[in-house]
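Data first, discussion second: the structure below is written as structure tokens.
The values are calculated or read from the model by the stated rules, or taken from the named source; none is laboratory data. Since this is a predicted model, take the numbers as computed values, not measurements. Please note: Cβ atoms are built from the backbone with ideal geometry, for glycine as well, and neighbour counts cover all protein chains shown.
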Amino acid sequence: KAGGVPTLSIDNVSVREATTGFASYDTYNGNSVLGVEEIINGDFATDSDWTLVDMAIENGGLSFTNTTATGTASQATSMVIGTTYLLTFDVAGRTTGNLYPRLGEWGNLDTLSGGANGSHSYVVTFDGTVNQVMMVTNVNFDGVIDNISVKELFNVVTEGTGDPLPAYPQLVVDFNPD
């Protein structure tokens, strides 16, 4: 005590930025604000769990197999109407063609073409019309899609329109880190 006031001492403190992709969330100490995984076999470890049209699961990824048609890969989910979800996936090796990710009945969330290679994240509030995730490719898409994930996103910060805000830095303070 100093002058009758208790003294507090803290050591081993670290501060780090915690942002990932499109939404800001923290998984510190397992207290994740992400829900359970909605997708089965999103890493394409096996040749199962997806409905494929002119697509194939090969070498741990999803590939387009037809140069004259549109390819689709879809999987039913158990998303809840009005709930916000985080869709993430990776694209590698794409030099031509487009990819159109879909979640629910939002139509194409994006048109991935020239800058398609890399990791992609989308925050979507499920509208309840079609309970599935779908990847659609057009003629000549030559990339590989992998690590598809859909998880409920809790504690979503929104703007006045109710739309999720884009990524922003979030600081996490760790006391007594390992």
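For this structure, a couple of remarks:
- Residues of region 94-116 that are within 26 Å of Gly82 (Cβ to Cβ) and of a type outside the set (Ser, Thr, Tyr): Pro101, Arg102, Leu103, Gly104, Glu105, Trp106, Gly107, Asn108, Leu109, Asp110.
- Checking the stated criteria, Thr72 turns out to be buried (at least 17 other Cβ atoms within 10 Å of the Cβ) and either under 24 Å from Asp146 (Cβ atoms) or modelled with pLDDT of 85 or more (or both).
- Subset tally (residues that are in contact with a Ser or Thr (Cβ under 7 Å, 6 or more places away or on another chain) and charged (D, E, K, R)) for region 46-61: 1
- Here Gly21 meets each of (1) closer than 19 Å to Val150 by Cβ; (2) at pLDDT 90 or above; (3) not aromatic (Phe, Trp, Tyr) with one exception, condition (2).
- Residue satisfying condition, being of a type outside the set (D, E, K, R) and touching a strand residue (DSSP E or B) at 6+ places or on another chain (Cβ under 6 Å), within set Gly118, Gly61, Gly107, Gly82: Gly61
- Within this structure, Thr88 passes the test of being surrounded by 15 or more Cβ atoms within 10 Å (Cβ to Cβ) and among the β-branched types (Val, Ile, Thr).
- Some residue of region 27-47 being within 21 Å of the chain's Cα centre (by Cα), at pLDDT 90 or above and of a type in the set (S, T, N, Q): yes
- Count of residues meeting criterion [under 15 Å from the mean Cα position of the chain (by Cα), in a strand (DSSP E or B) and farther than 17 Å from Ala56 by Cα] in region 72-111: 7
- Selection count, region 117-131, where residues are part of a loop (DSSP other than H, G, I, E, B) and either crowded, with 21+ Cβ neighbours inside 10 Å or of a type in the set (Val, Ile, Thr) (or both): 3
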